[in-house]
Amino acid sequence: MRRRAYLWAFVIAAFTSWSLKGMAMSVRWDPGVSKPVRDAFAAAERSMGFGGGGDATTGQPYGYRGLPGLARGWIAGRRNDLSDNQWRTFRDNLPLLAAAAVATSALSRAVRRAARGARDAGKILIPFHVVYGAAFAFFLHGFGALWPACLCLAHYALCRAAAGRPMIGPILVWGFAIAALARVQFRAHEWTFASLADATSPMLSRAARQRIAALDAPRNRGSSPRWWIHYNLLTLRMISFGMDLHWRRLETSDDGDDDAEPGDHRSLVSRPRREVRYSLGEYLAYVTYPPLYLAGPTCTFNAFASQLRRPLGAGCVALRARSVARYFAAKFAGVLLILEVWTHTIYANAMCKSRVWQWGSGRGEYGAYGPFEVGVLSLMVLNFMWLKFTVIWRFFRLWALASGVEVPENMLRCINNNATILGFWKGWHASYNRWLVRYIYVPLGGARYRLLNVWAVFGFVGAWHDKVAWHLIHWAWIFALFLAPEMAVRAVGAKYYRTPEARSKLAYKLARAACGGAMIHVLVAGNMVGYVVGADGLSQLWRLYADDVGSALRFFAMTMAMMSVAAHLGFEQRAREDAARESSAREGSAKEGAGKGAAGGDAGSGGGERDAVGAGGRRRAAGGRGGAEDAAPAGDSNGVEGGRRGR
């Protein structure tokens, strides 16, 4: 226990020093900071070594120069880093989004209360959500919403015709969705109603063509005319509907659980309620559901439609009013406040986007940027990205929960508590990771072709985020490439360190921590390439390291020590969590066995078999998809092999 406390103290002290370094570098670019504060930060920065700190004799103290992306802030007179377009847009529109969330959540709850006593709640909830989603889409895009609506309707018709046909069904479902996505990414910004009117001119009168062309007027384009920037999320929902319908038609068994109580969101992914009809109303309510339309999280059709047909109700802890209030206060508002303080004190994203290490050459002008400075910026940017996405995704999940629909959480762990690529992607955008496992990884063969499948998964992710952009392609290549050695190391560890006694040896823990520290460097570098500086920016950073090899080696030794210790603590935490889950499962099994014995005989055994098979038997009948999706990150061999055997 004492050793663990010392290790935690080391990691906290190291991260604190890095954060202070980031604050000190940020002060150089903020003209609102007084000279005594500048002097204090400069002295502290110089005391850390590795350069930096500025020169008080220059005409512009500490290299101040206008840094793009900084705006007037509200905390202590500091500037606010709003250089990230996505965060700036969300932050500017947060009051409007919050008002819409409060009003529509109250309305949705009222409608759900009205449907509570109905035999089929879907007869009330589905029409309401269709109108709700259509009104939201029209508010956003105006008449431009007709473009994605036509694509969605065409995909629905194709799915109804092709789903359930072996081989050809998935090909058509995926083929249409990917072709439409590519077309939208490259050409949708050119689509106009005027061009549509010209194309149909032989069939329409001149007055009709003019009325159609008038739909392009600014007053008819809604508050967010660029509907195509949200179409990638629509694509995920379209594929989810098509594949869930395909697998449902292939099912050959029925558990007869029509009267059973609804489970949670995870169980509904592979065990949808029998009332789900895969109807046009369910489809339109799903693809346009406002809380998930703009940014996610990613929810499967089965889980969403099941909650329309039979809401989870009070049995779902996450939907209770007290739980929603706690989620707002602790998980959303708290992280939002941290992010606001962060962007007012650490301008890492603005510095990286402007590549300030290329500005000037002398310490007196813009401060020295060596390996330590660049490393601090990289880590700080990754932390900013985690905070940004956590706030955005939790806001929309909060909106869904307040409306009575349970959707998965995206950020499951702190960004600094990840030491493997698989673990990172299981906890970062977790709902999307589960979507990838369910609809790409397992259908392609799962663990049997793991090294090939990860290239397909990461290739899809890179192309899906935006039209073919090299920085995202490079990002996908980095992670797919480094997954191979990570999997090899995991296989070696599983072969030679099978027992808890073997895994408790010091040599194993040191090797595991060192590998974890190296993978953290890969995670930082990969995300810098994908979302901040691109591959050319990374090559510039490497040249900075090469220009000062001594400092680079000292920096790498320091970061390896910090990150290896952090990785060790993370691995130990996961081991304790696994042990607690196993203990809880054993206790549950013991209680279940005692209950069966008290109930007696065949009835107890039959009920237990149903409970055990209900969570997995139907999934195996449908191909094992649910078990793999629920239990496995992208690449967990046990969960995925179980899914494959079901096929």
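In the stretch 376-387, is there at least one residue being part of a loop (DSSP other than H, G, I, E, B) and either modelled with pLDDT of 90 or more or crowded, with 21+ Cβ neighbours inside 10 Å (or both)? Reasoning before the result, please.
Step one: filter the stretch 376-387 for residues part of a loop (DSSP other than H, G, I, E, B), giving none.
Scanning the stretch 376-387 turns up no residue that is part of a loop (DSSP other than H, G, I, E, B) and either modelled with pLDDT of 90 or more or crowded, with 21+ Cβ neighbours inside 10 Å (or both).
What about residue 16, is it at pLDDT 85 or above, open to solvent by 40 Å² or more (accessible area, probe 1.4 Å) and either at positive phi or not hydrophobic (A, V, I, L, M, F, W, C) (or both)?
Working: at pLDDT 85 or above: yes; open to solvent by 40 Å² or more (accessible area, probe 1.4 Å): yes; either at positive phi or not hydrophobic (A, V, I, L, M, F, W, C) (or both): yes.
The answer is yes for residue 16.
Quick check: is even one residue across the stretch 284-292 more than 23 Å from the chain's Cα centre (by Cα), surrounded by fewer than 19 Cβ atoms within 10 Å (Cβ to Cβ), on the phi < 0 side of the Ramachandran plot and modelled with pLDDT of 95 or more? First the steps, then the outcome.
Pass one, the stretch 284-292, residues more than 23 Å from the chain's Cα centre (by Cα): 284.
Those left that are additionally surrounded by fewer than 19 Cβ atoms within 10 Å (Cβ to Cβ): none.
No; the residues of the stretch 284-292 include none that is more than 23 Å from the chain's Cα centre (by Cα), surrounded by fewer than 19 Cβ atoms within 10 Å (Cβ to Cβ), on the phi < 0 side of the Ramachandran plot and modelled with pLDDT of 95 or more.
Tell me which residues, restricted to the stretch 196-242, are closer than 22 Å to residue 293 by Cα and acidic (Asp, Glu). Even if it seems obvious, please write down each step before you answer.
Narrowing the stretch 196-242 to residues closer than 22 Å to residue 293 by Cα: 220-242.
Hits for the stretch 196-242: nothing passes.
If residue 105 meets every condition in (1) assigned to a helix (DSSP H, G or I); (2) of a type in the set (Gly, Ala, Ser); (3) open to solvent by 30 Å² or more (accessible area, probe 1.4 Å); (4) farther than 19 Å from residue 337 by Cα apart from one, which number is that one?
For residue 105, the failing item is (3).
Taking interchain pairs and intrachain pairs at least six residues apart, which have beta carbon atoms under 9 angstrom, with the first residue in the stretch 170-193 and polar (S, T, N, Q) and at pLDDT 90 or above and the second part of a helix (DSSP H, G or I) and surrounded by fewer than 19 Cβ atoms within 10 Å (Cβ to Cβ)?
Short answer, once both residue conditions are applied: 185/232; 192/213; 192/215.
Within the stretch 513-535, is even one residue without any contact (Cβ under 8 Å) to a residue 12 or more places away in the chain and either out of contact with any His (no Cβ under 6 Å at 6 or more places or on another chain) or open to solvent by less than 40 Å² (accessible area, probe 1.4 Å) (or both)?
Taking every residue of the stretch 513-535 in turn, none turns out to be without any contact (Cβ under 8 Å) to a residue 12 or more places away in the chain and either out of contact with any His (no Cβ under 6 Å at 6 or more places or on another chain) or open to solvent by less than 40 Å² (accessible area, probe 1.4 Å) (or both).
Only residues that are over 17 Å from residue 71 (Cβ atoms), open to solvent by less than 10 Å² (accessible area, probe 1.4 Å) and among the aliphatic types (A, V, I, L, M): list them for the stretch 19-33, please.
Result: 24, 25.
Kindly indicate whether any position in the stretch 321-334 is modelled with pLDDT under 95 and outside any helix (DSSP H, G or I).
No, every residue in the stretch 321-334 fails to be modelled with pLDDT under 95 and outside any helix (DSSP H, G or I).
Does any residue in the stretch 458-480 that is closer than 18 Å to residue 525 by Cβ come within less than 7 Å, Cβ to Cβ, of a residue that is open to solvent by 60 Å² or more (accessible area, probe 1.4 Å) and of a type in the set (Asp, Glu) six or more places away or on a different chain, and which pairs are these?
Matching pairs, first to second residue: 472/466.
Out of the residues in the stretch 72-85 that are surrounded by 13 or more Cβ atoms within 10 Å (Cβ to Cβ) and not basic (Lys, Arg), state the one that is farthest from residue 353 (Cα to Cα). Show your work before the answer.
Filtering the stretch 72-85 down to residues surrounded by 13 or more Cβ atoms within 10 Å (Cβ to Cβ) leaves 73, 78-84.
With the extra rule that they be not basic (Lys, Arg), the set shrinks to 73, 80-84.
Values: 73: 19, 80: 15, 81: 11, 82: 11, 83: 8, 84: 9 Å.
Ranking the candidates gives 73 first.
Only one of 139, 176, 143 is touching a Lys or Arg at 6+ places or on another chain (Cβ under 9 Å) and of a type in the set (A, V, I, L, M, F, W, C); which? Quick ask: steps written out before the conclusion?
Values: 139 fails: touching a Lys or Arg at 6+ places or on another chain (Cβ under 9 Å); 176 fails: touching a Lys or Arg at 6+ places or on another chain (Cβ under 9 Å).
Every option except 143 fails the conditions.
Can you tell me which residue among 165, 237, 209, 219 is crowded, with 16+ Cβ neighbours inside 10 Å and farther than 20 Å from residue 465 by Cβ?
Numbers: 165 fails: crowded, with 16+ Cβ neighbours inside 10 Å; 237 fails: farther than 20 Å from residue 465 by Cβ; 219 fails: crowded, with 16+ Cβ neighbours inside 10 Å.
The conditions single out 209.
Within the stretch 541-574, track down each residue that is open to solvent by 30 Å² or more (accessible area, probe 1.4 Å), assigned to a helix (DSSP H, G or I) and over 17 Å from residue 7 (Cα atoms).
Residues satisfying the conditions are 542, 543, 544, 545, 546, 547, 549, 550, 553, 554, 556.
Somewhere in the stretch 235-251, is a residue modelled with pLDDT under 95 and within 25 Å of the chain's Cα centre (by Cα)?
No; the residues of the stretch 235-251 include none that is modelled with pLDDT under 95 and within 25 Å of the chain's Cα centre (by Cα).
For the stretch 311-336, give me each residue that is within 20 Å of the chain's Cα centre (by Cα) and open to solvent by 60 Å² or more (accessible area, probe 1.4 Å). Write out each step before concluding.
From the stretch 311-336, those within 20 Å of the chain's Cα centre (by Cα) are 318, 327-328, 330-336; that's our starting set.
Those that are within 20 Å of the chain's Cα centre (by Cα) and open to solvent by 60 Å² or more (accessible area, probe 1.4 Å): 328, 330, 331.
I'm trying to understand the selection: among the residues of the stretch 439-452, which are part of a helix (DSSP H, G or I), open to solvent by 10 Å² or more (accessible area, probe 1.4 Å) and at pLDDT 90 or above?
Step one: of the stretch 439-452, the residues part of a helix (DSSP H, G or I) are 439-441, 446-452.
Right, trim to open to solvent by 10 Å² or more (accessible area, probe 1.4 Å) and you get 440, 447-452.
Result: 440, single match.
If we keep just the residues of the stretch 456-505 that are basic (Lys, Arg) and over 27 Å from residue 183 (Cβ atoms), which is surrounded by the fewest Cβ atoms within 10 Å (Cβ to Cβ)?
495
When you look at residue 325, is it out of contact with any Pro (no Cβ under 9 Å at 6 or more places or on another chain), without any contact (Cβ under 8 Å) to a residue 40 or more places away in the chain and closer than 23 Å to residue 96 by Cα, yes or no? Write out each step before concluding.
On the way: out of contact with any Pro (no Cβ under 9 Å at 6 or more places or on another chain): yes; without any contact (Cβ under 8 Å) to a residue 40 or more places away in the chain: yes; closer than 23 Å to residue 96 by Cα: yes.
Yes; evaluated as a whole, the condition is true for this residue.
Go through the residues of the stretch 5-24 one by one and say whether even a single one is in contact with a Gly (Cβ under 9 Å, 6 or more places away or on another chain) and more than 16 Å from residue 558 (Cα to Cα). It would help to see each step written out before you state the result.
Within the stretch 5-24, the subset in contact with a Gly (Cβ under 9 Å, 6 or more places away or on another chain) is 18, 21, 24.
With the extra rule that they be more than 16 Å from residue 558 (Cα to Cα), the set shrinks to 24.
Yes, that holds for at least one residue.
Do we find that residue 318 is in a helix (DSSP H, G or I) and more than 30 Å from residue 466 (Cα to Cα) in this structure?
On the way: in a helix (DSSP H, G or I): yes; more than 30 Å from residue 466 (Cα to Cα): yes.
Against the criterion (in a helix (DSSP H, G or I) and more than 30 Å from residue 466 (Cα to Cα)), residue 318 qualifies.
For the stretch 76-88, name all the residues that are in a helix (DSSP H, G or I) and more than 18 Å from the chain's Cα centre (by Cα).
Result: 88, single match.
Considering only residues that are more than 14 Å from the chain's Cα centre (by Cα) and outside any helix (DSSP H, G or I), look in the stretch 388-411 and name the one that is farthest from residue 302 (Cα to Cα).
We begin by selecting, within the stretch 388-411, every residue more than 14 Å from the chain's Cα centre (by Cα); these are 398-406.
With the extra rule that they be outside any helix (DSSP H, G or I), the set shrinks to 403-406.
On the way: 403: 18, 404: 16, 405: 13, 406: 12 Å.
If we take residues in the stretch 388-411 being more than 14 Å from the chain's Cα centre (by Cα) and outside any helix (DSSP H, G or I), then 403 is farthest from residue 302 (Cα to Cα).
Which ones in the stretch 293-309 are of a type in the set (Gly, Ala, Ser) and either on the phi > 0 side of the Ramachandran plot or not in a helix (DSSP H, G or I) (or both)? Give the derivation first.
So the first thing to find is which residues in the stretch 293-309 are of a type in the set (Gly, Ala, Ser), and the list is 295-296, 303, 305-306.
Result: 295, 296.
Are any residues in the stretch 139-151 closer than 19 Å to residue 177 by Cα and open to solvent by 10 Å² or more (accessible area, probe 1.4 Å), and if so, which ones?
Passing the criteria: 145, 146, 147, 149, 150, 151.
Restrict the check to the stretch 108-124 and report whether at least one residue is open to solvent by 30 Å² or more (accessible area, probe 1.4 Å), in a helix (DSSP H, G or I), within 27 Å of residue 400 (Cβ to Cβ) and at pLDDT 95 or above.
Step one: list which residues in the stretch 108-124 are open to solvent by 30 Å² or more (accessible area, probe 1.4 Å), which gives 109-110, 113-114, 116-120, 123-124.
Checking which are in a helix (DSSP H, G or I) leaves us with 109-110, 113-114, 123-124.
Still in the running and within 27 Å of residue 400 (Cβ to Cβ): 109-110, 113-114, 123-124.
Add one more test, that the residue is at pLDDT 95 or above, and what stays is none.
Looking through the stretch 108-124, none of the residues is open to solvent by 30 Å² or more (accessible area, probe 1.4 Å), in a helix (DSSP H, G or I), within 27 Å of residue 400 (Cβ to Cβ) and at pLDDT 95 or above.
The values are calculated or read from the model by the stated rules, or taken from the named source; none is laboratory data. No experiment lies behind these values; they were computed from the predicted model shown. Reconstructed Cβ throughout: ideal geometry from the backbone, glycine too, with neighbour counts over all protein chains shown. With ligands, DNA and RNA removed, areas are computed over all heavy atoms of the protein, side chains included. Shrake-Rupley method; radii C 1.70, N 1.55, O 1.52, S 1.80 Å.
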